[in-house]
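The values are calculated or read from the model by the stated rules, or taken from the named source; none is laboratory data. None of these values were measured; they are calculated from a predicted model. Glycine also receives a Cβ, built like all others from the backbone with ideal geometry; neighbour counts cover every protein chain displayed. Surface areas here come from the heavy atoms of the whole protein model, side chains and all, with no ligands, DNA or RNA. Shrake-Rupley method; radii C 1.70, N 1.55, O 1.52, S 1.80 Å.
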Amino acid sequence: MNRERVVRVGVLIWLTAVWVLLWGNISVANVLGGLVVGVLIMVLLPLPRVPVEGRIHPWSIVKLIGLCSMYAAQSSAQVAWLAVRPGPAPVTGVLRCRLAIKSDLVLTLCIDVLNLIPGTMVLEVDQVKRMVYVHVLDVGTDKAVDQFYRTVRRLEQLFIASFERDDEWQPSPWHVDNPTFDPSAPTSPDRKDLP
């Protein structure tokens with residue numbers, strides 16, 4: 001079974017699971033109904049092909065999930081403190097960060113994780129340059145800005161370790177070559193504060 005079929009089966013299982021969850025109980029009829037609805041969605045509303053590249057590394061994924069959970073809890077506490085602390089509102093801003101992630105699918109997953117961390121929201125993604133612009137709740141100190149960049153770099157490293165290690169990277173036939181993107185280029189952080 002090739003990768004494309006594995007992905008299609010995974011999507012069908014996911015759609016079936018969502019269908020069963022929407023109905024609220026597990027029964028043979030709900031599972032069969034979910035399979036039928038999933039097949040109809042996949043046939044009538046096909047998604048564009050997404051290149052599946054690299055290999056999955058379960059231990060790195062476990063570390064990634066643990067780190068994401070820790071960042072979410074830590075950020076929730078920071079956001080709660082900023083909401084109740086005495087004093088002026090925090091200084092917010094938009095920070096720009098270049099990611100060395102090659103796959104569009106993995107880039108999307110990384111952006112989803114950044115959006116799930118309280119206090120951050122990805123506003124724009126430059127797909128060609130692999131640049132993300134993130135609204136950050138607290139950029140009032142250099143320490144807060146450095147903490148944001150450390151968080152992004154650690155997430156980036158774990159996503160690469162989990163899905164697209166250089167020695168195993170095999171672009172899919174649908175991968176679009178991006179001559180302007182050089183993952184080895186310096187990724188110095190840039191700061192772009194808003195009033």
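Within the stretch 131-152, how many residues are open to solvent by 50 Å² or more (accessible area, probe 1.4 Å) and in a helix (DSSP H, G or I)?
5
List pairs: first in the stretch 138-150 and aromatic (Phe, Trp, Tyr), second at pLDDT 90 or above and outside any helix (DSSP H, G or I), Cβ under 7 Å, 6+ apart or cross-chain?
Close Cβ pairs (under 7 Å, with a partner that is at pLDDT 90 or above and outside any helix (DSSP H, G or I)) amount to Phe148/Leu95; Phe148/Val136; Tyr149/Cys97.
For the stretch 101-110, how many residues meet the condition of being open to solvent by 20 Å² or more (accessible area, probe 1.4 Å) and closer than 17 Å to Thr151 by Cβ?
1
Looking for something in contact with a His (Cβ under 9 Å, 6 or more places away or on another chain), closer than 25 Å to Arg55 by Cβ, in contact (Cβ under 8 Å) with a residue 40 or more places away in the chain and not in a strand (DSSP E or B) - is there at least one such residue anywhere in the stretch 107-124?
No, because not a single residue in the stretch 107-124 is in contact with a His (Cβ under 9 Å, 6 or more places away or on another chain), closer than 25 Å to Arg55 by Cβ, in contact (Cβ under 8 Å) with a residue 40 or more places away in the chain and not in a strand (DSSP E or B).
Do the conditions hold for Thr120, that is, is it β-branched (Val, Ile, Thr) and touching an Asp or Glu at 6+ places or on another chain (Cβ under 8 Å)?
no
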